[in-house]
Amino acid sequence: MAKTGTTTQGLRAAIERSGYYPTLVAEAVQAAVGSEPVVSYLVHQETTFDANEVRRHVTVLVLTGTRFIVSHTDEQAADATSPSPYATTSTESVKLGRISSVVLSRVVANPESYTPGQLPREVVLTIGWGAVARLDLEPAACGDPNCEADHGYTGSSTADDLSLRVSEAGDGPDSVRETLAFAQALSEATAATTNPR
């Protein structure tokens with residue numbers, strides 16, 4: 001379930017509608033947002049299956065005029081450190097100028113008959129600001145098939161701080177639309193901070 005909008009009251013209402021520890025999540029998000037006006041937000045709840053356990057997770061993304069705020073809340077079963085179930089909430093506040101990439105991958109069914117404005121089947125929003133990077137390496141080679149020399153390694157580094165997948169089948173068409181709207185708002189905001197008018 002994803003919800004998006006542009007007001008602080010709307011953000012609180014979307015967190016409450018998610019039904020996932022709304023008081024805990026709202027307090028953590030509000031503390032991170034502070035007194036700044038909300039430009040855009042996205043609330044996305046996921047359910048995952050881990051062996052015989054069902055785990056829930058909510059991600060709240062908030063765009064203000066100067067920052068991108070991301071909040072994650074996870075629930076945990078009782079374990080050796082806690083005799084009762086518990087939840088963990090974390091928030092991170094990133095200056096818009098630090099965001100290095102906003103990647104939106106779209107999966108479209110029947111691309112040969114795609115029409116402008118058609119809703120993708122799923123989207124993956126990946127946002128990078130340099131806190132986490134993925135490094136993919138492989139042995140380098142030359143064009144000689146008989147060469148046995150060590151040519152070192154080649155690879156690529158990809159910013160991968162946050163990745164959020166939303167599908168029409170699992171989350172509904174409104175969630176896909178809302179993710180597209182938030183991605184556009186964030187992309188435009190980061191462009192405005194790097195290229196001030």
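Is it true that Arg67 is modelled with pLDDT under 90 and open to solvent by 30 Å² or more (accessible area, probe 1.4 Å)?
Values: modelled with pLDDT under 90: no; open to solvent by 30 Å² or more (accessible area, probe 1.4 Å): yes.
Here the answer is no, as Arg67 does not meet what is asked.
For the list (1) out of contact with any Phe, Trp or Tyr (no Cβ under 6 Å at 6 or more places or on another chain); (2) surrounded by 13 or more Cβ atoms within 10 Å (Cβ to Cβ); (3) at pLDDT below 95; (4) not basic (Lys, Arg), I need the number of the one condition that Val58 fails.
Result: Val58 fails condition (1) only.
Only one of these is open to solvent by 60 Å² or more (accessible area, probe 1.4 Å) and closer than 23 Å to Leu125 by Cα: Val103, Val33, Val43. Name it.
When all the criteria are applied, what remains is Val103.
Regarding region 27-36, can at least one residue be identified that is touching a Lys or Arg at 6+ places or on another chain (Cβ under 8 Å), under 17 Å from Leu186 (Cα atoms) and in contact (Cβ under 8 Å) with a residue 24 or more places away in the chain?
yes
With (1) within 19 Å of the chain's Cα centre (by Cα); (2) without any contact (Cβ under 8 Å) to a residue 40 or more places away in the chain; (3) open to solvent by less than 50 Å² (accessible area, probe 1.4 Å) as the list, and Ala77 as the residue in question, which single condition is left unmet?
(1)
Going by the structure shown, is Gly117 within 15 Å of the chain's Cα centre (by Cα), at positive phi and either exposed (fewer than 13 other Cβ atoms within 10 Å of the Cβ) or not in a strand (DSSP E or B) (or both)?
no
Of the residues that sit in region 151-197 and are at pLDDT below 85 and in a loop (DSSP other than H, G, I, E, B), which one is surrounded by the most Cβ atoms within 10 Å (Cβ to Cβ)? Don't jump to the end; show me each part of the working.
First, the residues of region 151-197 that are at pLDDT below 85: 151-161, 192-197.
If we keep only those that are in a loop (DSSP other than H, G, I, E, B) as well, we get 151-152, 160-161, 195-197.
Numbers: His151: 10, Gly152: 8, Asp160: 16, Asp161: 18, Asn195: 7, Pro196: 6, Arg197: 3.
Among those residues, the one meeting the criterion is Asp161.
Among (1) modelled with pLDDT of 90 or more; (2) part of a loop (DSSP other than H, G, I, E, B), there is one condition Cys147 misses while meeting the rest; what is its number?
Of the numbered conditions (1) modelled with pLDDT of 90 or more; (2) part of a loop (DSSP other than H, G, I, E, B), the odd one out for Cys147 is (1).
Matching residues to (1) more than 20 Å from the chain's Cα centre (by Cα); (2) of a type outside the set (Val, Ile, Thr):
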{"residue": "Ser40", "(1), (2)": "no, yes"}
{"residue": "Glu46", "(1), (2)": "no, yes"}
{"residue": "Gly65", "(1), (2)": "no, yes"}
{"residue": "Ile69", "(1), (2)": "no, no"}
{"residue": "Ser93", "(1), (2)": "no, yes"}
{"residue": "Ala109", "(1), (2)": "yes, yes"}
{"residue": "Trp129", "(1), (2)": "no, yes"}
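The values are calculated or read from the model by the stated rules, or taken from the named source; none is laboratory data. The structure displayed is predicted, hence computed values, not measured ones. Neighbour counts are summed over all protein chains in view; Cβ atoms, including those assigned to glycine, are modelled from backbone coordinates with ideal geometry. Ligands, DNA and RNA are stripped out before the accessible areas are found, and what is left, the full protein with its side chains, is counted by its heavy atoms. Shrake-Rupley method; radii C 1.70, N 1.55, O 1.52, S 1.80 Å.
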